[in-house]
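Colleague: Let me give you the structure first, and then I'll get to my questions.
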Amino acid sequence: MPYRMQLFVDISTLLKPLADYAEILLHIKKTLSAEMSPIIVVGASYGGMLAAWFRLKYPHIALGEVASSAPILYFDNITPSNAYYDLVSKDFRDYLEFMYTGAAQYDDPQEYPVNKACEGIDGDSEGTYTLGRIFSGIVALRGENSCHDTCSEMVSPIGIGKNETMFQADPFYLTEYRDSCNKSFGVDIRVVLKRFGSNIIFSNGHRDPCSSAGVLENISDNIIAVTTKNSSHCLDIQPATEDDPEWLVMQRKIEMDMVHDWFLKYSADLLQN
């Protein structure tokens, strides 16, 4: 009879899936007779947040952790609610400028892209907000290609402040969010962020909107921030290719060198004991 682990059925909180991961990892180490082998947990975006919390809660299981593009600081009173959309606006500003100035500069009589864009903008129904009209203009030019944890454990107060981004205002209101959670799930919100621990790498690219809530500066000597100017979301943990730019290759090398140092220290500690 193969070994069967009794995993938690109810995954309505963050603690239970973390406990499941812990149980699985311990089982794998025991099955492979690898109890003394170190484990590095890796996660991207939300998974990076889980990986960081796993390292904090189970430091005896995970030797270290690499969190790529983890918006772990997107909590009330830490990161402004509209920070994500501020970066989105900056990323798209140059693109939109290129699209519309290009249409004006190369207004080919056979296609008249300016007319196309204007027809798309003017064709929207009355009351369409500005971003919707801009999108309609782009579609006319280029064509169109066709959770419970957020209430019970983790709240990222992402909102859009009035006139602060290119998006229609949609502020985050904690009271309304809490009432919605209570109505849907019968639970209130518990926001907990503990910044302690060791052997954690937070990697972020400044082009990624999630970096607005990422750890961009070292917290301690062994909770390290690795940042790059041009990287996008979770790019550093994507498969390497021959066309990768040098800065991306160096970012990965920095992260792997840190992990290697963790292994060396772990091995040295084993020899001393």
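Colleague: Starting from residues that are of a type in the set (Phe, Trp, Tyr) and at pLDDT below 55, keep the ones in the range 177-219 and report whichever is nearest to Val66 (Cα to Cα).
Modeller: Phe196
Colleague: Is it fair to say Glu111 is assigned to a helix (DSSP H, G or I), surrounded by fewer than 18 Cβ atoms within 10 Å (Cβ to Cβ) and modelled with pLDDT of 70 or more?
Modeller: no
Colleague: Any idea which of Ala70, Ala51 is of a type outside the set (S, T, N, Q) and in contact with a Phe, Trp or Tyr (Cβ under 8 Å, 6 or more places away or on another chain)?
Modeller: Result: Ala70 is the single residue among Ala70, Ala51 that is of a type outside the set (S, T, N, Q) and in contact with a Phe, Trp or Tyr (Cβ under 8 Å, 6 or more places away or on another chain).
Colleague: Okay, moving on. Show the residue pairs meeting these rules: Cβ distance below 6 Å; 6+ apart or different chains; first residue within the range 246-270 and surrounded by 15 or more Cβ atoms within 10 Å (Cβ to Cβ); second residue in a helix (DSSP H, G or I).
Modeller: Going by the 6 Å Cβ cut-off, the qualifying pairs are Gln251/Asp236; Arg252/Asp236.
Colleague: Checking Lys30 against (1) at pLDDT 75 or above; (2) closer than 30 Å to Val226 by Cβ, only one condition comes out false. Which one?
Modeller: Answer for Lys30: the failing condition is (2).
The values are calculated or read from the model by the stated rules, or taken from the named source; none is laboratory data. All values derive from a computational prediction rather than experimental measurement. Backbone-built Cβ (ideal geometry, glycine too); neighbour counts: all protein chains shown.
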